[in-house]
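Undergrad: Sharing a structure, written as structure tokens. Questions coming.
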Protein chains: 2
Amino acid sequence: MSLKDKIAVIGVGLCKFGENYHMSTNDMLVDAAFDAYADAGIDSKEIQAAWVATLSSGTSGTMLADPLKLYKVPITRVENFCASGMDAFRNACMAIAAGMYDVALVAGVEKLKDSGQRGLGTFGTHPVLAYGTTAPSMFAMAATRYMHKYGITKETLAQIAVKNHKNGTKSPKAHFQMEISVEQVVKAPMISSPLGLFDCCPITDGAAVAIICRADLAKKYRDDPVYVKGIGLAVTSGQPYYQPKNDYLSFEATTLAAEQAYKQVGITNPRKEISFAEVHDCFTITELLVYEDLKFCKKGEGAEFISTAALDGELPVNPSGGLKSFGHPIGATGIRMIYELTTQLRGQAGPRQVKNPQLGLAYNLGGPGSVGIVSILGN
Amino acid sequence: MSLKDKIAVIGVGLCKFGENYHMSTNDMLVDAAFDAYADAGIDSKEIQAAWVATLSSGTSGTMLADPLKLYKVPITRVENFCASGMDAFRNACMAIAAGMYDVALVAGVEKLKDSGQRGLGTFGTHPVLAYGTTAPSMFAMAATRYMHKYGITKETLAQIAVKNHKNGTKSPKAHFQMEISVEQVVKAPMISSPLGLFDCCPITDGAAVAIICRADLAKKYRDDPVYVKGIGLAVTSGQPYYQPKNDYLSFEATTLAAEQAYKQVGITNPRKEISFAEVHDCFTITELLVYEDLKFCKKGEGAEFISTAALDGELPVNPSGGLKSFGHPIGATGIRMIYELTTQLRGQAGPRQVKNPQLGLAYNLGGPGSVGIVSILGN
């Protein structure tokens, strides 16, 4: 029941994330894929199978085959709300572990700015809009409840935005490279009370690619492969916010996915054993809740943990700058997280490098808390 | 590089296929899933992971979690044009073979009649409409070319429709149970010359479910499990019809997928070694081309093969009645084929039972010939 050390990540690539009105979905996929090919030192002819993740920027495996001229191999499209990217990665890992293929490519992409459905502070074509609400208004309920229960303020949440934007200044491919202050966050235009503009991740176009192979073949491609240690996925109801029992203070899918991954890796004390994490900070409150759901700290102690999550803290969270800096091009996000884990674990993250990382955790949230997926990578 | 004998199919289920205006997507999924639970003699609590296929009747794993109350387990949505169903099956098989899960459920569903985009003889929301053409007009080009090259007539193609509708009278869950004559086919209203109404599969709602497990656990559930012998998937360009080199007489993705599957199983003479097949007869011409692409006969000999493909022939094709009788609720079709293979291999197909089957082949086509997937099951 484990993928531990069966799969290696040998190449990762990103296009520049941002308002890419000048690029098609294909342009972004090509940029990210050739970045990954160069990183792996691999020819695209060696790719034996591929997976592509998108919520609404394309259909079927042909959406990857045509831009990459990756013809005649199996390509599967995976969609799982905002967690599409990491679930595509998971399915690719299982295919390699099954012995079906030696080398596979996983791509994720989303073009949100041209979708015609964008709205300030919302995710362009986010599917929950169909339920009559927006992402900010749903996560605002969590923030309101957390404030009521544990007495935190808008200033507390602002610290998360400030931390992630500071980290983002060190990520050349992030959408935003700008520091912000607590005062700016608190005084920003209100989106859905208590969440203001800087509590929300931006609306962004982007693509990300990872190339993986059988662990025993990895050294053929590079001296410093990174290995998959465990992946957990859990799905709850599509409407967790509207269940009478919901207390708005936790995402059950997250805790379940983390439990699966920790069990596979043999982790009993995540706070001590995880070196750093990339998590789904679609809103500041999301990152706060995730500290607790991932068992980095106890319930209600998220606010105290923020300083620990700093780039030079004991357990850095979102060294890349997270969704706050990169935005959330839906299909790309989970694979962008794998990019950051890989880069950090190789010690190639430059000014945002965390100290001596052994195990990195990536957490991708989907839907209104209904899909949680946790991947753990290590050397 | 093979799944051979690692995975068993222990349960299969279908809802009644048809114009299900009275049923929601959820209703159809529930009918198919509980049919499969009963068939496997399994409690839904034993399902450890799931996959769901649809082109446009839902999003994310939650679309399966909510109707089946299949909460807290991993669920992935797979989409690969008209081949979505069988690709979901393939990904589930690889996950089991990887050792990640012991028991998994695969569901496929599509609701086409309420889509608001239906048109006579077309697939409701078929994505190729976006390219400015319809499915009938594209496959009509293949029929025209085949007629020109090999001298067949509308009467030749009509024999395939007659055969499949006759078989369909023996499938209680098919959309249509009615025999038709060559004269009816030839005189039917023209859809896209030379394809008339009865050369096209109908527009249908439906859902199908398969339950699979590790082969070594299968006997715990039933005495007559069916085993996966091989699965091949190939993707070519999304616009194969508009490539200058296309001769309209073959789907390259089909031949490549079949080669992969035959290699995994060790098949060198498909005509002799395959006992029967369920293939993607979205149009009569499609089934004719597929005889050749699957190497059941040589190029240009498809017309002669039609009699061999009869229910009492040497290599029965579409004993269920195929898409001609069941329609093509897109996400469901590939899994509906797995249902038929399983039922036939167990010897439970009643009046449509083929004689002493050893190996059954299922072939699901996606897009305008761009996605081909072949599964081979056996005892």
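The values are calculated or read from the model by the stated rules, or taken from the named source; none is laboratory data. Given the structure is predicted, the values throughout are model-derived calculations rather than measurements. All Cβ positions, glycine included, derive from the backbone under ideal geometry; neighbour counts span all protein chains shown. Side chains included, ligands, DNA and RNA excluded: accessible areas come from the protein's heavy atoms. Shrake-Rupley method; radii C 1.70, N 1.55, O 1.52, S 1.80 Å.
Undergrad: Would you work out which of A:Q358, A:S320, A:A38 lies farthest towards the positive end of the dipole of chain A? Charges go on Cβ: Lys and Arg +1, Asp and Glu -1.
TA: With unit charges placed on the Cβ atoms, the residue in question is A:Q358.
Undergrad: For A:E273, what accessible surface area do you get with a 1.4 Å probe? Give it in Å², rounded to 10.
TA: The accessible area comes out at roughly 60 Å².
Undergrad: While we're on this one: Can you list the residues in region A:232-253 whose accessible area drops by at least 50 Å² when all protein chains are present, compared with the chain alone? Use a 1.4 Å probe, heavy atoms only.
TA: Listed in order, they are A:V235.
Undergrad: Per-residue Cβ counts within 10 Å, from other chains only, averaged over A:96-108: what number is that?
TA: Average per residue, whole number: 3.
Undergrad: Can you send over the carbon and sulfur percentage of the accessible area for region A:282-379, probe radius 1.4 Å, protein chains only?
TA: Carbon and sulfur: 49 percent of the exposed surface of region A:282-379.
Undergrad: What residue among B:I335, A:M94, A:H280 has its Cα farthest toward the positive end of the dipole of the protein assembly as shown, where the charges are +1 on Lys, Arg and -1 on Asp, Glu, each on the Cβ?
TA: With unit charges placed on the Cβ atoms, the residue in question is A:M94.
Undergrad: Roughly what would the spin-label model give for A:E46 and B:D5, points 7 Å off Cα along C-beta, in nm?
TA: It works out to 3.3 nm between the two label points.
Undergrad: Could I ask something else about it? Go ahead and estimate [θ] at 222 nm for chain B from helices alone: -39,500 (n - 2.57) per DSSP H run with n ≥ 4, summed, over the residue count, rounded to 500.
TA: -10000 deg cm²/dmol
Undergrad: In whole angstrom, how far apart do the alpha carbon centroids of region B:206-263 and region A:240-315 sit?
TA: Region B:206-263 and region A:240-315 have Cα centres separated by 40 Å.
Undergrad: Oh, and also: Could you tell me which of the pairs A:K154/A:K298; A:K16/A:K69; A:K6/B:K4; A:K4/B:K4; B:K219/B:K355; A:K149/A:K229 are separated by over 26 angstrom between their Cα atoms in the structure shown?
TA: Listed pairs above 26 Å: A:K149/A:K229.
Undergrad: Using only protein heavy atoms and a 1.4 Å probe, how much accessible area in total is buried between B and A, to the nearest 100 Å²?
TA: Result for this pair: about 3700 Å² buried.
Undergrad: How many angstrom lie between the C-alpha centres of region A:7-71 and region B:1-68?
TA: Distance between centres, Cα-based: 31 Å.
Undergrad: Still on this structure, I have one more. Run through region A:274-378 and list the GluC sites (Glu not before Pro) located in a DSSP loop whose Cβ has at most 16 other Cβ atoms within 10 Å.
TA: Of the GluC sites (Glu not before Pro), the ones in loops of region A:274-378 whose Cβ has at most 16 other Cβ atoms within 10 Å are A:E301, A:E314.
Undergrad: Over all alpha-carbon pairs in region A:137-208, figure out the percentage whose distance exceeds 16 Å.
TA: Every Cα pair in region A:137-208 considered, those over 16 Å come to 52 percent.
Undergrad: Out of all DSSP beta bridges with both ends in the protein assembly as shown, state the antiparallel percent to the nearest 5.
TA: 75
Undergrad: Please sort by residue number the trypsin sites (Lys or Arg not before Pro) in region A:229-289 whose DSSP state is loop and whose Cβ has at most 11 other Cβ atoms within 10 Å.
TA: Passing both the DSSP loop test and the Cβ count: A:K245.
Undergrad: Å³ per residue of the Cα convex hull, for chain A?
TA: For chain A, the hull spanned by Cα atoms encloses 118 Å³ per residue.
Undergrad: Tell me, what is the per residue accessible area of region A:25-76 in Å², probe radius 1.4 Å?
TA: With all protein chains present, region A:25-76 gives 33 Å² per residue.
Undergrad: Here's something else I'd like to know. Give me the 1.4 Å probe accessible area per residue for region B:193-337, excluding ligands and nucleic acids, in Å².
TA: Result: 29 Å² per residue.
Undergrad: Something else about it: Heavy atoms only, probe 1.4 angstrom, no DNA, RNA or ligands counted: give me A:F139, A:F34 ranked by accessible area, highest first.
TA: Solvent-accessible surface, decreasing: A:F34, A:F139.
Undergrad: Let me ask something else about it. How far is B:E19 from the same spot in each other copy, in nm, shortest first, if each label point sits 7 Å from Cα toward Cβ?
TA: Relative to the other copies, B:E19 has label-point distances of 4.9 nm.
Undergrad: Sticking with this structure for a sec: Would you be so kind as to list the residues of region B:47-75 that have their accessible area lowered by at least 40 Å² in the full protein complex compared with their chain by itself (1.4 Å probe)?
TA: B:T59, B:S60, B:T62, B:D66, B:K72, B:P74
Undergrad: Could I ask something else about it? Quick check: pseudo-label points 7 Å beyond the Cα along Cα→Cβ at A:D312 and B:R145, how many nm apart are they?
TA: Spacing of the two 7 Å Cα→Cβ label points: 6.6 nm.
Undergrad: Moving to a separate point now. Under the rule a/c < 1.5 gives rounded, and otherwise a/b versus b/c splits prolate from oblate, where does region B:149-270 land using the Cα gyration tensor?
TA: It is oblate, given that a/c is not under 1.5 and a/b is not larger than b/c.
Undergrad: If you don't mind, another one. If you count the DSSP beta bridges with both ends in chain A, what percent of them are antiparallel, to the nearest 5?
TA: 75
Undergrad: Keeping all protein chains in position, work out how much accessible area B:K295 exposes to a 1.4 Å probe, and write it in Å² to the nearest 10.
TA: 110
Undergrad: Which distances, in nm and shortest first, link the B:P189 label point to the same label point in every other copy, taking 7 Å along Cα→Cβ?
TA: Here B:P189 shows inter-copy label distances of 5.2 nm.
Undergrad: Probe radius 1.4 Å, ligands and nucleic acids ignored: give me the carbon and sulfur share of the accessible area of region A:142-261 as a rounded percent.
TA: 53
Undergrad: Just for the Cα atoms in the protein assembly as shown, what are the lengths along the principal axes, largest first, rounded to whole Å?
TA: 80, 50, 46
Undergrad: Let me ask something else. Based on a Kirkwood Rh over C-alpha pairs, give the Stokes-Einstein translational diffusion coefficient of region A:196-343 at 25 °C and viscosity 0.890 mPa s in µm²/s.
TA: Taking Rh from Cα pairs, D becomes 146 µm²/s.
Undergrad: Can you name the residue in chain A whose Cβ lies closest to the A-to-B rotation axis, and give that gap in whole Å?
TA: Chain A residue with minimal Cβ-axis distance: A:A98, 2.
Undergrad: Distances in nm, one decimal, shortest first, from B:S307 to the same residue in every other copy, taking the label point 7 angstrom along Cα→Cβ.
TA: Counterpart label points of B:S307 in the remaining copies fall at 8.9 nm.
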